[in-house]
């Protein structure tokens, strides 16, 4: 349940009330400003109608200057609202705007992202070399590399070119930085290249691909439904940083066969996360508001899914070739 506050000219109060009546919201009230002609109109909206109400308000006020929508989560309402029975339309999704605010943060290329990549790469490289699973898991949790990939899939769902380009830039920067730093660290350690944790990241298999698909889907599902506590498990299951660091460490020691295996694992995880994220967003009905944007997003969605499916098939073939002809 949410409170949707619409701030704008008082002349549009009747319009907002009309929307409230149309969607049979739970409650509606208006607070007028004493200093000017602006009003704060608040709507108490059931979960299954939140996105429809927000879209209707945006459509009604598109040509009106100075309006703003603010969405408030609420802990509870008394008296309790009656349970919704037999409603098959609502699938537990958060609104598009809430998802955008949360996911866009993960695609930002700022000092925090850079520092987290540096710190997590140092931690994971030490954990891999020292064969310390606890340290490796800790690095997985603080690594920010999952965010840009989810943002990329989300941007493709909305046809948002700005978010797509921003997430791509952030993702490539993070991966290249982690690769370069782990490569440099490889020269500092002469031993430890035979640790079990390190070698485990050079063995890519079909079960690893399935794991990445399922865990990636679970991660996006947790975000769309607001159950963010499961994200920690997803960060560990679909770890992008350990294979990236393994590639750098193996390249530094001239072990190109194992570096190739780690690179394949990284590619499988990247493709699986993006494909799973897109499929879940499609299933949850995340799409743009306007008809034109929906048409553009539908076209990009088809291309997006086809490209990632083909990439996954190619990687599956590459894995078989690697195990048959390259891996010792």
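For region 159-178, how many residues are farther than 17 Å from residue 272 by Cα and touching a helix residue (DSSP H, G or I) at 6+ places or on another chain (Cβ under 6 Å)? Number satisfying all stated conditions: 7.
None of 77, 53, 57 is assigned to a loop (DSSP other than H, G, I, E, B) and touching a residue at least 40 places away in the same chain (Cβ under 8 Å) except 77. Look at residue 229 and say whether it is at pLDDT below 90, under 15 Å from residue 319 (Cα atoms) and in a helix (DSSP H, G or I). Criteria not met by residue 229.
Looking only at region 182-198, decide whether some residue is assigned by TED's automatic domain parsing to the domain that holds residue 303 and closer than 27 Å to residue 220 by Cβ. Among the residues of region 182-198, not one is assigned by TED's automatic domain parsing to the domain that holds residue 303 and closer than 27 Å to residue 220 by Cβ, which makes the answer no. Scanning region 161-168 turns up no residue that is assigned by TED's automatic domain parsing to the domain that holds residue 263, surrounded by fewer than 23 Cβ atoms within 10 Å (Cβ to Cβ), in contact (Cβ under 8 Å) with a residue 60 or more places away in the chain and over 15 Å from the mean Cα position of the chain (by Cα). Candidates are the residues of region 129-144 that are outside any helix (DSSP H, G or I) and surrounded by fewer than 20 Cβ atoms within 10 Å (Cβ to Cβ); the one that is nearest to the chain's Cα centre (by Cα) is 132. Tell me yes or no: at least one residue of region 41-51 is touching a helix residue (DSSP H, G or I) at 6+ places or on another chain (Cβ under 9 Å) and surrounded by fewer than 18 Cβ atoms within 10 Å (Cβ to Cβ). No, the conditions are met nowhere in region 41-51. Scanning region 118-127 turns up no residue that is at pLDDT 85 or above and at positive phi.
Might you check whether a residue that is touching a residue at least 40 places away in the same chain (Cβ under 8 Å), assigned to a loop (DSSP other than H, G, I, E, B) and either surrounded by 15 or more Cβ atoms within 10 Å (Cβ to Cβ) or out of contact with any strand residue (DSSP E or B) (no Cβ under 8 Å at 6 or more places or on another chain) (or both) occurs anywhere in region 117-128? No, there is no match, as no residue in region 117-128 is touching a residue at least 40 places away in the same chain (Cβ under 8 Å), assigned to a loop (DSSP other than H, G, I, E, B) and either surrounded by 15 or more Cβ atoms within 10 Å (Cβ to Cβ) or out of contact with any strand residue (DSSP E or B) (no Cβ under 8 Å at 6 or more places or on another chain) (or both).
The values are calculated or read from the model by the stated rules, or taken from the named source; none is laboratory data. Fair warning: this is a prediction, and the values are worked out from it, not measured in the lab. For neighbour counting, all protein chains shown are included, and Cβ atoms are generated from backbone atoms with ideal geometry for every residue, glycine included.
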